[in-house]
Amino acid sequence: MPSAARTLRITSHLSRNTTKTYFNLARSFSTTLRRNEINKVYPSAEAAISDMKSDSTLLCGGFGLSGVPDTLIDQVKSTPSIKGLTAVSNNAGVVGMGLGLLLESKQVSKMIASYVGENRVLEQMYLGGELELELTPQGTLAERCRAGGAGIPAFYTPAAFGTVVQTGELALRHNRDGSVAQYSYPRDVKVFDGKSFIMEEAIKGDYAFIKAYKADRLGNVQFRFSAQNFNGAMARNAKVTIVEAEHIVDVGEIPPNAIHVPGIYIDRVIQSSAEKKIEKVVNAKDPKDALSQMGSGDAGSKRERIVRRAAKEFKNGMYANLGIGMPMLAPSFVEPSVEVQLQSENGILGLGPYPQKGEEDPDLINAGKETVTLLPGASCFGSEESFAMIRAGKINLTILGAMQVSARGDLANWMLPGKVKGFGGAMDLVSNPQATKVVVTMEHTDKKGRPKILKQCEFPLTGKACVSRIITDLCVFDVDFTEGLTLIEIADGVTVDEVQSKTDAPFKVADEVKPML
């Protein structure tokens with residue numbers, strides 16, 4: 001047993017060492033000791049990607065051309081030794097811009113995206129067997145990226161149940177002759193609270209390219225308006241996250257509550273040098289001029305009838321999401337006494353009208369990549385949060401276009417034979433029809449006069465049993481997912497016999513059929 005004197009000496013020694021250690025630690029964390037400071041700022045894009053390897057998985061923020069890390073993409077294009085990339089992004093930019101550059105340079109061998117859109121190069125490479133394309137619903141893509149960064153290997157979602165995504169019938173790769181070389185895999189299905197969900201695996205990135213408004217040397221990041229989109233979820237995901245910032249600022253200049261991604265997730269920061277681009281400049285028009293956007297003649301009259309009737313679906317206090325095309329025109333015909341908050345799935349709640357000429361902002365676009373404004377009280381957020389509120393049923397109403405609708409409310413609106421546009425956010429928007437009313441606006445027949453309301457959809461489905469109401473140029477149908485269609489309104493000059501002749505699906509006629517307008 002040690003003596004009291006020896007115990008005292010040991011205690012004194014440890015006490016002195018602890019004090020010394022405390023002061024050494026205090027000095028090492030001092031903000032005035034410059035040689036030990038954290039500094040994640042790199043001198044150039046070339047230096048930031050100097051260790052980037054071929055065959056990596058690259059997460060790339062952006063939506064359309066907004067919030068796209070063009071400086072870093074340009075640097076990869078200038079480094080042809082980097083190839084075989086799996087690129088993960090909402091879309092691949094457009095021809096000659098964004099990730100479209102890396103497609104043209106053949107540095108991408110696989111795309112994971114929600115939307116092909118107007119990128120003809122991506123569509124041609126996919127259909128011609130030069131590129132593997134894994135189409136994923138937009139909300140699922142955002143959540144796969146978020147989950148990968150949160151240590152969650154997989155999750156269940158209602159989006160895409162009953163579609164080719166769930167059944168594994170989605171073509172991933174084609175042969176040179178256009179035949180399918182590889183299909184996707186079927187998803188696991190489980191039932192929770194009486195509803196079916198499919199399992200999706202998280203995406204894990206090797207590198208993430210992120211576009212920010214501001215960043216500091218600690219890696220703290222701030223985004224601007226709708227340019228946040230996929231950038232936040234992807235920034236938290238990769239082994240190496242590289243941020244290109246419009247402004248590299250001093251530590252402390254970004255207020256703590258304005259930091260969207262803390263520096264713990266960021267590895268490297270560079271100065272962005274690329275010009276910000278706008279994909280679709282759309283300017284404000286006088287409300288009376290909204291009619292001109294619908295075309296002229298008989299076609300214009302049909303669209304006007306549909307849009308005016310769709311405007312009646314808005315009720316005061318609603319939160320609504322509108323698809324591109326005719327649905328976006330409906331708010332022009334809503335009564336001034338009705339206040340509706342419009343949500344855009346790329347990260348806006350409180351969507352305003354199109355901007356006046358000269359007031360366009362590259363960081364303010366809607367889901368159609370068009371320039372928009374914000375109303376007072378609007379908020380902006382990341383795509384992962386946008387789709388969380390959609391799947392959770394916080395959106396009261398969504399109005400979409402369609403190619404076909406079935407008698408039981410199945411919806412097909414993402415693909416025509418021989419053409420690939422992608423899912424976008426539609427599969428998520430129709431995934432909770434019990435909470436979100438799904439209204440379809442479309443012309444009653446296609447350009448060849450063939451019915452678009454069928455017993456069963458012939459095109460690949462966007463969602464099963466999800467459409468509650470169909471508004472066409474001829475009439476309005478209510479849809480019961482079990483009982484089928486009921487004719488509730490009819491356009492002026494149209495007869496029930498005409499509706500029957502142009503509708504493939506059987507329907508009931510309401511006791512009182514009202515005029516559409």
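Odds and ends about this structure:
- Across the range 378-393, the number of residues qualifying as assigned to a helix (DSSP H, G or I) and either closer than 13 Å to residue 438 by Cβ or of a type in the set (Gly, Ala, Ser) (or both) comes to 4.
- Complete set of residues in the range 261-301 that are at pLDDT 95 or above and either part of a helix (DSSP H, G or I) or in contact with a Cys (Cβ under 8 Å, 6 or more places away or on another chain) (or both): 263, 264, 265
- If you filter the range 442-474 down to residues that are under 15 Å from residue 504 (Cβ atoms) and touching a helix residue (DSSP H, G or I) at 6+ places or on another chain (Cβ under 7 Å), you find that the one that is surrounded by the fewest Cβ atoms within 10 Å (Cβ to Cβ) is 443.
- The set of residues in the range 69-90 being open to solvent by 10 Å² or more (accessible area, probe 1.4 Å) and closer than 17 Å to residue 141 by Cα consists of 86 alone.
- Pairing residues of the range 491-517 that are more than 22 Å from residue 455 (Cβ to Cβ) and charged (D, E, K, R) with residues that are assigned to a loop (DSSP other than H, G, I, E, B) and open to solvent by 60 Å² or more (accessible area, probe 1.4 Å), at Cβ distances under 9 Å and at least 6 apart in sequence or on separate chains, gives 492/517.
- Some residue of the range 240-251 being under 15 Å from residue 382 (Cβ atoms) and surrounded by fewer than 20 Cβ atoms within 10 Å (Cβ to Cβ): no
- Looking only at residues in the range 378-393 that are under 25 Å from residue 212 (Cα atoms) and either more than 18 Å from the chain's Cα centre (by Cα) or among the charged types (D, E, K, R) (or both), the one that is surrounded by the fewest Cβ atoms within 10 Å (Cβ to Cβ) is 378.
- Every condition in (1) at pLDDT below 95; (2) over 24 Å from residue 225 (Cα atoms); (3) in contact with a Lys or Arg (Cβ under 9 Å, 6 or more places away or on another chain) is met by residue 64 except one, and the failing one is (2).
- Leading residue by the ranking (nearest to the chain's Cα centre (by Cα)) among those in the range 332-360 that are within 24 Å of residue 305 (Cα to Cα), hydroxyl-bearing (Ser, Thr, Tyr) and crowded, with 17+ Cβ neighbours inside 10 Å: 354
- Cβ-Cβ contacts under 7 Å between residues 6 or more apart (or on different chains), taken from a first residue in the range 343-367 that is over 20 Å from residue 285 (Cβ atoms) to a second residue that is in a loop (DSSP other than H, G, I, E, B) and aromatic (Phe, Trp, Tyr), are listed as 347/381.
So that you can scan it fast, the table gives a plain yes or no per residue for (1) under 29 Å from residue 120 (Cα atoms); (2) open to solvent by 10 Å² or more (accessible area, probe 1.4 Å); (3) outside any loop (DSSP other than H, G, I, E, B); (4) hydrophobic (A, V, I, L, M, F, W, C):
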| site | (1), (2), (3), (4) |
| --- | --- |
| 362 | yes, yes, no, no |
| 376 | no, yes, yes, no |
| 395 | no, no, no, yes |
| 408 | no, yes, no, no |
| 415 | yes, yes, no, yes |
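- Some residue of the range 253-271 being surrounded by 24 or more Cβ atoms within 10 Å (Cβ to Cβ) and under 15 Å from residue 71 (Cα atoms): yes
- Residue in the range 134-141 that is modelled with pLDDT under 95 and open to solvent by 10 Å² or more (accessible area, probe 1.4 Å) present: no
- Residue count for the range 315-330 satisfying the condition of being at pLDDT 95 or above and surrounded by fewer than 23 Cβ atoms within 10 Å (Cβ to Cβ): 5.
- Members of the range 410-431 that are touching a Cys at 6+ places or on another chain (Cβ under 6 Å) and touching a residue at least 40 places away in the same chain (Cβ under 8 Å): 410, 411, 412
- Cβ pairs under 6 Å, 6+ apart, first in the range 191-216 and in contact (Cβ under 8 Å) with a residue 60 or more places away in the chain and under 21 Å from residue 40 (Cβ atoms), second surrounded by fewer than 20 Cβ atoms within 10 Å (Cβ to Cβ) and of a type in the set (Ser, Thr, Tyr): 206/56; 207/56
- Scanning the range 99-121 for residues that are touching a Gly at 6+ places or on another chain (Cβ under 7 Å), more than 26 Å from residue 388 (Cβ to Cβ) and open to solvent by less than 40 Å² (accessible area, probe 1.4 Å) yields 100, 119, 121.
- Just one of the listed residues (219, 232) is assigned to a loop (DSSP other than H, G, I, E, B) and surrounded by 14 or more Cβ atoms within 10 Å (Cβ to Cβ), namely 219.
The values are calculated or read from the model by the stated rules, or taken from the named source; none is laboratory data. Only a predicted model underlies this, so the values are computations on that prediction, with no experimental measurement involved. Because the Cβ atoms are built from the backbone with ideal geometry, glycine has one as well, and the counts that use them run over all protein chains shown. SASA here: full protein model, heavy atoms, side chains in, ligands and nucleic acids out. Shrake-Rupley method; radii C 1.70, N 1.55, O 1.52, S 1.80 Å.
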